[in-house]
Amino acid sequence: MTLSRRWFLKGTTMVPMVAALPLTSGCAEDDAPPAVFVHGVASGDPLHDRVILWTRVTPRPGPSAPVAVRWEVSTGLDFAALAASGSVIATSARDYTVKVDAEGLRPGVTYYYRFVVGDLRSPVGRARTAQEGALDRLRLA
């Protein structure tokens, strides 16, 4: 059997959508989460005291209501002590994307971040703030 490129691309793009189904199916309408995290998280534009964090929430079907999204930044994966946190409202006007300028961070530190809607948590991302002063080397990915 020969697999075509088109067949492969169709199959791999369906995986995130299928993975999100258990989060919304089988729930009573009132018990369903207001949104799910299908698109993951991202970070970028690090400065010595801040970094940009991004995600997109996918609201449940129906009328497009705003979604309250909490963001958390920590130096540990357990998020026991938060270095920064806050809340933002995701709306249909911005296609439910969330872009946060997480401020008040220390230079040259690796941080972990996540977004929370109700009891639902996004995947955890990792970001590093820039060093202060001159750099001996710089790595970008």
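The values are calculated or read from the model by the stated rules, or taken from the named source; none is laboratory data. Treat the numbers as computed from the prediction; the structure is a model and nothing was measured. Cβ atoms come from the backbone with ideal geometry, glycine included; neighbour counts cover every protein chain shown. Note: accessible area is taken over every heavy atom of the protein model, side chains too, but ligands, DNA and RNA are not part of it. Shrake-Rupley method; radii C 1.70, N 1.55, O 1.52, S 1.80 Å.
Please give the net charge around ARG106, taking every other residue with its beta carbon less than 10 angstrom from that of ARG106, where Lys and Arg add +1 and Asp and Glu add -1.
-2
Suppose every Lys and Arg Cβ carries +1 and every Asp and Glu Cβ carries -1, with no other charges. What dipole size does the range 40-141 come out with about its Cα centre, to the nearest 20 debye?
It works out to roughly 280 debye.
Mind checking the per residue accessible area of the range 48-131 for me, 1.4 Å probe, whole number of Å²?
Normalised by residue count, the accessible surface of the range 48-131 is 53 Å².
Can you give the Rg/Rh ratio of the range 50-119, where Rg is from the C-alpha atoms and Rh is the Kirkwood radius?
1.02
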